[in-house]
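The block underneath contains the structure these notes are about, expressed in structure tokens.
Each value in this text was obtained by applying a stated rule to the coordinates, not by laboratory testing. Predicted, not measured: the structure shown is a model, and the values here were computed from it. For neighbour counting, all protein chains shown are included, and Cβ atoms are generated from backbone atoms with ideal geometry for every residue, glycine included.
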């Protein structure tokens with residue numbers, strides 16, 4: 001018997017599998033460095049593919065294997081990719097970090113070009129009613145691997161395909177405009193913006209600026225080339241809106257409809273009431289492509305010639321209607337989520353409340369959390385519904401723009417749900433990311449990032465996502481913004 005016969009690589013298959021049971025996937029990859037024989041043994045696809053299915057049954061790669069037969073090179077590559085990705089996820093360290101410089105608030109002409117809608121100072125999801133830490137709304141947006149952001153390099157909006165690492169320019173001229181919000185949803189990009197000069201004045205300090213929304217269809221072509229095609233434009237407020245920190249509006253959209261909720265302080269000398277701001281909600285049909293541009297028709301002369309395919313209002317709700325549906329927010333708002341149902345038949349408004357029961361101590365240290373969703377039909381006078389959600393929303397801090405996602409109590413990785421800033425998860429693979437304040441830190445100076453996988457979770461201090469308190473992504477990458485006006489992309493796949 002030669003000495004080589006005692007080598008691990010030449011053991012019977014059953015014994016070799018017994019040894020593999022004691023090794024972590026990343027140990028199997030490192031074992032290839034020992035010798036040429038070990039490299040061949042630990043690269044064998046007939047071993048790696050069953051091991052991949054055993055160790056990572058929840059991954060998309062394994063689910064895809066059930067429908068196709070992987071050849072030898074593919075089996076080797078798939079195991080290495082998945083094992084490396086989950087090794088970095090478990091350790092809470094990305095494989096690579098890439099940063100993109102964002103546009104400054106003021107452009108080269110020294111005029112303001114980027115001014116997001118400001119967050120509320122008060123909200124009912126907080127114990128005192130006062131928002132403890134406010135984040136300014138991010139001016140970038142993410143959906144299904146596509147990222148739209150204001151590039152400081154090109155001084156324009158860019159669409160970045162994170163899978164292919166390719167960029168495409170959005171055909172939207174930011175010169176002479178003030179961008180208020182950018183949102184990609186249902187493969188429809190909506191940009192809300194205002195004119196930099198006031199259209200008229202409410203008083204000596206508050207000028208009213210005309211606000212518009214421009215939409216673009218994001219279409220995938222051949223060779224994964226993305227086309228950003230203009231669809232239409234509409235004036236989102238009849239009388240305009242001041243560019244101030246006190247006047248706020250929030251919106252959402254589907255592939256066919258756009259909803260905007262407006263909340264403005266009452267400036268009347270006779271009826272002003274801090275607890276009775278001016279509130280309204282409008283629904284637009286934006287389903288058709290139209291060449292009409294109201295921003296080019298300031299005098300309204302072409303209004304009578306507006307084509308039938310131009311965006312139009314299909315529903316209006318004044319403060320009395322909002323009172324009737326019990327969703328009027330008043331001086332201390334409680335709304336945390338604004339959405340449209342998948343069939344575009346109803347608006348869903350979710351209030352995030354922190355309740356106190358008189359005479360009884362709260363079941364949680366911070367109070368009894370309640371998320372109540374009110375559904376309102378867009379067309380017609382059908383009944384509205386109210387649903388007490390089983391899942392929860394993070395407390396309001398301005399970073400979600402009323403687009404926060406629900407999560408359940410089982411996936412709370414902060415000491416308290418009130419410490420959560422933002423959270424994103426992939427339920428299909430049971431992987432998620434939680435950005436939260438450190439425990440026992442009342443001044444919220446330290447931010448942590450917790451990453452969880454099906455069999456582990458890791459928490460580390462984080463400074464890369466403190467800028468806007470917003471995170472988006474999946475098991476392959478995570479996107480956020482730091483305090484230096486840089487977009488930060490954590491990559492776990494390469």
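Most simply put, the chain has about 100% antiparallel DSSP beta bridges, counting only bridges with both residues inside it. Once a ≥ b ≥ c are taken as the square roots of the eigenvalues of the Cα gyration tensor of segment 432-481, is the result rounded (a/c under 1.5), prolate (a/b larger than b/c) or oblate (a/b not larger than b/c)? It comes out oblate by the Cα gyration axes.
The modelled label-to-label distance for the pair residue 483/residue 268, using points 7 Å beyond Cα in the direction of Cβ, is 4.4 nm. Helix 72-91 and the long axis of the chain differ in direction by around 60°, with both axes built from C-alpha atoms. Once the Cα atoms are used to define both axes, helix 45-55 deviates from the longest principal axis of the chain by about 50 degrees.
So what is log10(I(q)/I(0)) for segment 80-239 at q = 0.14, 0.15, 0.21 1/Å, when the Debye sum runs over its Cα atoms only? With one equal scatterer per Cα and no solvent, log10 I(q)/I(0) is -0.89, -0.98, -1.35. For segment 49-203, the antiparallel share of DSSP beta bridges with both residues in that region comes to about 95%. Kindly identify segment 91-180 as rounded, prolate or oblate by the Cα gyration tensor criterion: order the square roots of the eigenvalues as a ≥ b ≥ c, call it rounded if a/c is under 1.5, otherwise compare a/b with b/c, prolate if a/b is larger, else oblate. In terms of gyration-tensor shape, oblate.
Over the Cα atoms of the chain, the radius of gyration divided by the Kirkwood radius equals 1.04; this is the Rg/Rh ratio. Residues 253, 443, 241 in ascending order of nearby Cβ atoms (within 10 Å, fewest first): 443, 241, 253.
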